[in-house]
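Below is one structure; the comments refer to it alone.
The values are calculated or read from the model by the stated rules, or taken from the named source; none is laboratory data. Since the model is a prediction, treat every value here as computed from it, not as a measurement. Neighbour counts are summed over all protein chains in view; Cβ atoms, including those assigned to glycine, are modelled from backbone coordinates with ideal geometry. Ligands, DNA and RNA are stripped out before the accessible areas are found, and what is left, the full protein with its side chains, is counted by its heavy atoms. Shrake-Rupley method; radii C 1.70, N 1.55, O 1.52, S 1.80 Å.
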Amino acid sequence: MNEDRIGDIVAQWRRERPELDPDPLLIIGRIQWLAEVLDTALRPPFAEVDLGNGEFDVLAALRREGAPYTLTAGQLSQRMLVTTGAVTKRVDRLVTRGLVSRSVSDIDARGRVVGLTPAGVALTDRLIEQHLANEAAILRELSDADRRELERLLAALTRIVRS
């Protein structure tokens, strides 16, 4: 996509349907395009260690909890903003790889908790360093003021979309 393909698309809609306001595409279209570009840019470190989409999210959610790095599937679902079904599939793959384990809850014998294994902690710690470095590199051309403003605007848009 050229530097302002979204702007070109908006201009085309203005020409073809002048009664419509295509300006939301200037924001929403760019956010959607950026999401795809960012996914492509941030994916390589995870792909190198054969982690599928969302699997690092499980590892990171558990690691952020602090020792003993355990959560229930429901808690993981809330922290990752995905369904418990999606969590279960990701956890199954990670259990097979020895990066997480499932065990009986100390609080409720019917419940299960997911926990990071030592290998999972080590991998997560290594990957989060790479991930944050990649994100910082992507944002390096923005000034501190631009970053704060972008963060503020994205937070405001998130609140609007969630309401």
Practice problem: Test residue 52 against the criterion of being assigned to a loop (DSSP other than H, G, I, E, B) and at positive phi, and give yes or no. | Solution: no
Self-check item: Pairs, first closer than 13 Å to residue 124 by Cα in segment 38-54, second acidic (Asp, Glu) and surrounded by 13 or more Cβ atoms within 10 Å (Cβ to Cβ), C-beta under 8 Å, six or more apart
Solution: 46/55
Quiz item: In segment 56-69, is there at least one residue being in contact with a strand residue (DSSP E or B) (Cβ under 8 Å, 6 or more places away or on another chain), more than 30 Å from residue 154 (Cα to Cα) and open to solvent by 40 Å² or more (accessible area, probe 1.4 Å)?
Solution: yes
Quiz item: Among the residues of segment 11-27, how many are in a helix (DSSP H, G or I) and basic (Lys, Arg)?
Solution: 2
Practice problem: Report, by residue number, each residue of segment 110-154 that is surrounded by fewer than 12 Cβ atoms within 10 Å (Cβ to Cβ) and more than 21 Å from the chain's Cα centre (by Cα). | Solution: 110, 118, 141, 143, 144, 145, 146
Quiz prompt | Set 96, 72: member being more than 12 Å from the chain's Cα centre (by Cα), closer than 23 Å to residue 118 by Cβ, surrounded by fewer than 19 Cβ atoms within 10 Å (Cβ to Cβ) and touching a residue at least 24 places away in the same chain (Cβ under 8 Å) | solution = 72
Practice problem: Would you be able to tell me the number of residues in segment 9-31 that are surrounded by 11 or more Cβ atoms within 10 Å (Cβ to Cβ) and under 28 Å from residue 151 (Cβ atoms)? | Solution: 12
